[in-house]
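Student: The structure under discussion is supplied below as structure tokens; questions concerning it will follow.
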Amino acid sequence: MGADSDKLLLRLQDRPVVAWSVLALDACPEITSVVVVASEHNLQPIVEIVTALPTRLPLEMVVGGARRQDSVGRALDHLKGRQ
């Protein structure tokens, strides 16, 4: 996308990309919760966006790491022990 800001915050039509993603996951009956990983820098705006959405699922936030693989690792650590 070549943007200077976090791609999750970019608007696609009438809402940020992260909103589209969360709403798509929320529409899937097999999914029981959504974990959103965001950088510390963008955590607050992303929290504000996702908590304002009309979702049925519990939403959880995880602060990401310096690199993508660090963020994935933090998300997996957060989910350890769940089925």
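Student: For the structure I just gave you, tell me whether Thr32 is in contact (Cβ under 8 Å) with a residue 12 or more places away in the chain, in a loop (DSSP other than H, G, I, E, B) and open to solvent by 80 Å² or more (accessible area, probe 1.4 Å).
Tutor: yes
Student: Do you know which residues across region 58-78 are open to solvent by 70 Å² or more (accessible area, probe 1.4 Å) and assigned to a loop (DSSP other than H, G, I, E, B)?
Tutor: Pro58, Ala66, Arg67
Student: Determine whether Gly81 is open to solvent by 40 Å² or more (accessible area, probe 1.4 Å) and either among the acidic types (Asp, Glu) or outside any helix (DSSP H, G or I) (or both).
Tutor: Details: open to solvent by 40 Å² or more (accessible area, probe 1.4 Å): yes; either among the acidic types (Asp, Glu) or outside any helix (DSSP H, G or I) (or both): yes.
Yes.
Student: Just checking, how many residues over region 58-74 are within 17 Å of Asp6 (Cβ to Cβ) and either under 12 Å from the mean Cα position of the chain (by Cα) or in contact (Cβ under 8 Å) with a residue 24 or more places away in the chain (or both)?
Tutor: Residues in region 58-74 being within 17 Å of Asp6 (Cβ to Cβ) and either under 12 Å from the mean Cα position of the chain (by Cα) or in contact (Cβ under 8 Å) with a residue 24 or more places away in the chain (or both): 7 in total.
Student: Just one of the numbered conditions (1) open to solvent by 40 Å² or more (accessible area, probe 1.4 Å); (2) in a loop (DSSP other than H, G, I, E, B); (3) at pLDDT 95 or above is not true of Ala24; which one?
Tutor: All conditions pass for Ala24, except number (2).
Student: Taking region 40-57, which residues are open to solvent by 40 Å² or more (accessible area, probe 1.4 Å) and more than 12 Å from the chain's Cα centre (by Cα)?
Tutor: Glu40, His41, Ala52, Pro54, Thr55, Arg56
Student: Residues of region 1-21 being surrounded by fewer than 16 Cβ atoms within 10 Å (Cβ to Cβ), modelled with pLDDT of 85 or more and not in a helix (DSSP H, G or I), which ones?
Tutor: Once the filter is applied, which keeps residues that are surrounded by fewer than 16 Cβ atoms within 10 Å (Cβ to Cβ), modelled with pLDDT of 85 or more and not in a helix (DSSP H, G or I), region 1-21 yields Leu10, Arg11, Leu12, Gln13, Asp14, Arg15.
The values are calculated or read from the model by the stated rules, or taken from the named source; none is laboratory data. No experiment lies behind these values; they were computed from the predicted model shown. Backbone-built Cβ (ideal geometry, glycine too); neighbour counts: all protein chains shown. Remember, those area values only see protein heavy atoms, side chains included, never the ligands or the DNA or RNA. Shrake-Rupley method; radii C 1.70, N 1.55, O 1.52, S 1.80 Å.
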